[in-house]
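Asks: This structure is in structure tokens; I'll ask about it shortly.
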Amino acid sequence: MESSYDADPQTSEALFVFTSSAPTVSVGDSVRVTATVAEFAGTGQPAVFSTTQLTSPIITSLSTGNPLPPPVAVDATILTPSGGFFQLEKLESMRVSFSSLTVVAPTDGNVNEVNATSTSTGFFYTVITGAPIPFREPGIQTPITAPLCAAGSGCAIPVFDGNPERIQVDDVLTGSPTLNARTGQLLENLTGILSFAFGSYQFYPDPTPTPSLTGTGIAEGTAPLPKASELTVATYNLERLYNTVDDPGSDVVVSTTAFNNRLNKLSLAIRNNLRLPDVIGFQEVENLATLKSLAARVSDDDAKYGIYTAYLIEGKDVGLIDTGYLVKNTVTVSSVEQLGLTATYTSPCSGTQETLNDRTPLVLNGSVTKNGRALDFTIINSHQRSLNNIDDETSCSNGPRIRAKRRAQAEFLANYIQSRQTSNPNIKLISIGDMNGFEFNDGYVDVIGITSGNPAPATRVVEAGADLVNPNLNNILNLIPDSTQRYSYVFEGSHQTLDHLLYTQGVAAQVTGGGYVRINADFPEVDRNDANSPRRLSDHDPGLIYVTTAQPITSGLTILRGGLTRNLTTNTWNGTLILRNTGTAPLTGPFTVTISGLPQGVTLVNAAGTSFQGSYLLSNATTIAPGGFVQLPVSFTNPSNLTINYIARAYSGAF
């Protein structure tokens, strides 16, 4: 009751009473409690993440029907992204109110694998409306104490603050209705109880007035239609796609209805959301028969364009999940090769050799011809060891062994990539998959840094990896223009990327697009139950990369720029680009010229299109003879009258 509040604004005016069974008191009762004060952190949680509670209580009712204390309004001045985990401790177990919360992670659920269904748990993550979407950041999450860095001294392992601005909304205690939220929806004018558990603040809204969601939230995503010249490659973790057959090992035998429903959801995603990619690399598929069933379903649903061949070679995973491909009939496959089935690494616990690749990488070598131009390519599909228990120091078989295995897997993959680059410096290689690593150093093992040739230094990581790849790989993630779309997964309210599309310098100039298609990570778990929707088949969003078959012209061509003149009527700056053949052989058209590096605010207004290589112009000239040339007009808006500098690159072939 307010009359018993203390005068310290930094301490909470409420306590949680743990009764271990349903209490006999009612809201509004005044009670006397005799109990033991304790701190409860939960299994596996750091002691500092504890909640103060009263245990073994003796409860005496003093009166009933008392008015509740007014809630404390929590807004962006009280809860901030930089305020640390304990900024709301002064309100723990008290009544609070929020004028508006924005959902940043959808409602979770409990999955029944046999039936491919899910029931809602009723909890999801939010932030105060107006706060940025929380993203995973580099480093070991506070308050975990980092082990010694690999260098042994001078350690500077980065620390991730855990995104303390997250508020988990839960209906379990107050009896409010279950809300199946998707990212981007709003909750407004809420009052309830604030708690802290398992590393985040939890909010239990009052059941009256009835909480409700407003807004539609994030929309189901659809990939851009590929152009006639583009090869499209997708990566998709299918979250344990099992069939109806009981195979030897630890598989799950799903019902016929469940299997058909999952195949239907997948077919919808492949045809409508991913736009029938040329190659799809899957992770977590039970076996080749399962993948063939998927290929047959897609073909049945689209007999004209959805013709795929399945490729999968069994690995050693105890759960019988493997990597595999569906390859469309637009692609000629020259080989599919399994990597590292017998590879081992040295266990730091026993010093003996242990299996390195439970889920073996799968390499596909193929070619495609589009718009009359051929492209040879290589794809590596990987599914690396997860992050689970990477921070567990209670047993060598957990944290130390897992970290050593993740480093060894990344180095194995890096060595293979480098061997292919050494054999062919211009190789067009794309490394895809659920690599279970962030695009930055997580403080324990820099998986993507090792794989791409830019590992974290030994002072900033527990398990330092070798620099094995030169030149370094690129990551499609870094080319996505909207930084808020650089994620494939949402974990406890923090957006992050586990699924990557890396590529060599040999194909970098031909990468025209890519990103992640929103059909899973931002949608409530109960969407799994809708067999006629692609949503929530998995907890990972699929990723795509687009590669043009148009060939960069690297010799025998000079690009000349004429001067720019200003048209006062249209307020544009106009001129001409000249493509001159300085070689001894004809150049074959049509010709694409990309324009990149323009000053901020300057736009190419007569562009034929845009891509990750920049805006581009198109000449339909069929050839440029030695000594000949073609001209292309250029027109720019330049509202700030800046000096217009840019980089022009010419291609043989149309984007």
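Asks: State the Cα centre-to-centre distance between region 345-401 and region 502-516 in whole Å.
Replies: Region 345-401 and region 502-516 have Cα centres spaced 21 Å from each other.
Asks: Could you give the distance between the Cα centres of region 272-333 and region 13-44, to the whole Å?
Replies: 53
Asks: Still on this structure: Could the peptides 234-243, 118-127, 391-400 be put in order, highest first, of the mean number of other beta-carbon atoms found within 10 Å of their residues?
Replies: Those peptides, ordered most packed to least, come out 234-243, 118-127, 391-400.
Asks: Ok, one more. Using Cα-only point scatterers and the Debye equation, what is log10 of I(q)/I(0) for region 196-282 at each q in 0.17, 0.19, 0.20 Å⁻¹, rounded to two decimals?
Replies: Here log10 of I(q) over I(0) equals -0.91, -0.95, -0.98.
Asks: Testing the spin-label approximation: label points 7 Å from Cα along Cα→Cβ at N645 and F491. State their distance in nm.
Replies: 4.2
Asks: Name the long-range amide H neighbours of T603: under 5 Å, sequence gap of 5 or more, or other chain; modelled H, no Pro or chain starts.
Replies: Close amide H contacts, sequence-distant or interchain: T637.
Asks: Pairwise over distinct Cα atoms, reciprocal of the mean inverse distance: report the Kirkwood radius of region 112-256 in Å, one decimal place.
Replies: Result for region 112-256, one decimal place: 20.1 Å.
Asks: Separate question: To the nearest 20 debye, what charge dipole does the chain have about its Cα centre, counting +1 at the Cβ of each Lys and Arg and -1 at the Cβ of each Asp and Glu?
Replies: Working: 38 positive and 56 negative charges, 594 e Å.
The dipole magnitude comes to about 2860 debye.
Asks: Let me ask something else about it. Which order do peptides 57-64, 512-519, 645-652 fall in by mean Cβ count within 10 Å, highest first?
Replies: Values: 57-64: 12.1, 512-519: 24.2, 645-652: 18.0.
Order by mean packing, descending: 512-519, 645-652, 57-64.
Asks: Given a 1.4 Å probe and every protein chain left where it sits, what share in percent of the accessible area of region 161-251 is carbon and sulfur?
Replies: Whole-percent figure for carbon plus sulfur exposure: 54.
Asks: I would also like to ask the following. Which values, in whole Å and largest first, are the semi-axes of the equivalent ellipsoid of region 442-502 obtained as the square root of 5 times each eigenvalue of the Cα gyration tensor? Display every interim value, and only then the final one.
Replies: Working: eigenvalues 99, 52, 13 Å².
Equivalent ellipsoid semi-axes, largest first: 22, 16, 8 Å.
Asks: Related question: Output the peptides 465-474, 269-278 sorted from most to least packed, where packing is the average of other Cβ atoms within 10 Å over each peptide's residues.
Replies: 269-278, 465-474
Asks: While we're looking at this one, here's another question. What accessible area per residue, rounded to a whole number of Å², is obtained for region 347-446 using a probe radius of 1.4 Å?
Replies: That works out to 34 Å² per residue.
Asks: Per residue, what accessible area does region 223-266 have, given a 1.4 Å probe and all protein chains present, in Å²?
Replies: Ligands and nucleic acids excluded, the figure is 38 Å² per residue.
Asks: Please work out the average accessible area per residue across region 47-196, using the 1.4 Å probe convention, and give it in Å². Please report the intermediate quantities before stating the final value.
Replies: On the way: 6470 Å² over 150 residues.
Value for region 47-196: 43 Å² per residue.
Asks: Report the equivalent ellipsoid semi-axes for region 317-410 in whole Å, largest first, defined as the square roots of five times the eigenvalues of the gyration tensor built from alpha carbon atoms. Present the calculation step by step, with values, prior to reporting the outcome.
Replies: Numbers: eigenvalues 258, 30, 24 Å².
Semi-axes, largest first: 36, 12, 11 Å.
Asks: What ³J(HN,Hα) values, in whole Hz, does the Karplus curve 6.51 cos²θ - 1.76 cosθ + 1.60 give for region 336-341 when θ = phi - 60°, with x put for Gly and Pro?
Replies: Here the 3J(HN,Hα) series is 10, 10, 8, 9, x, 4 Hz.
Asks: Can you tell me the 0 to 90 degree angle between the C-alpha axis of helix 288-301 and the longest principal axis of the chain, rounded to 10?
Replies: With rounding to tens, the tilt is 70 degrees.
Asks: While we're looking at this one, here's another question. Note down the magnitude of the dipole of region 322-462 about its Cα centre, charges +1 on Lys and Arg C-beta and -1 on Asp and Glu C-beta and zero elsewhere, to the nearest 20 debye.
Replies: Dipole of region 322-462, to the nearest 20 debye: 460 debye.
Asks: Same structure, new question: Lys and Arg at +1, Asp and Glu at -1: add these up for the other residues within a Cβ distance under 15 Å of S555 and post the number.
Replies: Result for the neighbourhood of S555: +2.
Asks: Tell me the net charge near G122. Cut-off is 12 Å between Cβ atoms, G122 excluded, with +1 for each Lys or Arg and -1 for each Asp or Glu.
Replies: Summing Lys/Arg as +1 and Asp/Glu as -1 gives -4.
Asks: Sticking with this one: Can you quote the Å³ per residue value for the convex hull of the Cα atoms in region 435-537, rounded to an integer?
Replies: It comes to 124 Å³ per residue, whole-number rounded.
Asks: How far is helix 399-423 tilted, in degrees, relative to the longest principal axis of the Cα atoms in the chain, given as a value from 0 to 90 rounded to the nearest 10?
Replies: Helix 399-423 sits roughly 10 degrees off the main axis of the chain.
Asks: Which GluC sites (Glu not before Pro) in region 50-149 pass both tests, a DSSP loop state and at most 11 other beta-carbon atoms within 10 Å? Present the calculation step by step, with values, prior to reporting the outcome.
Replies: On the way: sites: E89, E92, E113; in loops: E92, E113.
When the GluC sites (Glu not before Pro) of region 50-149 are filtered for loop state and at most 11 Cβ neighbours within 10 Å, nothing remains.
Asks: Roll a 1.4 Å probe over the protein heavy atoms and report the accessible area of V447 in Å², nearest 10.
Replies: 10
Asks: Beyond 18 Å, what share of the Cα-Cα pairs of region 1-153 is found? Please give it as a whole percent.
Replies: Taking all Cα-Cα pairs of region 1-153, the fraction more than 18 Å apart is 74 percent.
Asks: Return a whole-number percent for the relative contact order of the chain, with Cα pairs under 8 Å and 6 or more residues apart as the contact set.
Replies: 12
Asks: Nearest 500 deg cm²/dmol is fine: what mean residue ellipticity at 222 nm does the chain get from its DSSP H runs of n ≥ 4 alone, each adding -39,500 (n - 2.57), divided by its residue count?
Replies: -3000 deg cm²/dmol, from helical runs alone.
Asks: Then there is this: Starting from a Cα-only point model with no solvent, please compute log10 I(q)/I(0) by Debye for region 572-655 at q = 0.12 1/Å.
Replies: -0.36
Asks: Moving on. Assuming 1.567 mPa s and 4 °C, estimate D for the chain with Stokes-Einstein, Rh taken as the Kirkwood radius over Cα pairs, in µm²/s.
Replies: It comes out at roughly 47 µm²/s.
Asks: Right, here's the next one. Less than 15 Å Cβ to Cβ from T210, Lys/Arg counted +1 and Asp/Glu -1: what total charge do the surrounding residues give?
Replies: Values: positive: none; negative: D171, E188, D206.
It works out to a net charge of -3.
Asks: Using a cut-off of under 14 Å, list every residue of region 202-234 whose amide N is near the label point 7 Å from the Cα of A608 along the Cα-to-beta-carbon line.
Replies: 227-230
Asks: Let me ask something else. Let's test the formula: R0 of 22 Å, r as the Cβ-Cβ distance of T332 and S299. What FRET efficiency results, to the nearest 0.05?
Replies: So the FRET efficiency works out to roughly 0.75.
Asks: State which entries of K292/K428; K265/K292; K316/K405; K292/K370; K227/K265; K304/K428 exceed 18 angstrom in Cα-Cα distance in the structure shown.
Replies: From K292/K428; K265/K292; K316/K405; K292/K370; K227/K265; K304/K428, over 18 Å: K292/K428; K292/K370; K227/K265; K304/K428.
Asks: On a 0 to 90 degree scale, rounded to 10, what angle separates helix 256-268 from the longest Cα axis of the chain?
Replies: Once rounded, one gets 50 degrees.
The values are calculated or read from the model by the stated rules, or taken from the named source; none is laboratory data. What you are looking at is a predicted structure, and each value in this text was computed from that prediction instead of being measured. Quick reminder, even Gly has a Cβ in these numbers, built from the backbone with ideal geometry, and neighbours come from all protein chains shown. We work out accessible area using only protein heavy atoms, side chains counted, and drop any ligands, DNA or RNA first. Shrake-Rupley method; radii C 1.70, N 1.55, O 1.52, S 1.80 Å.
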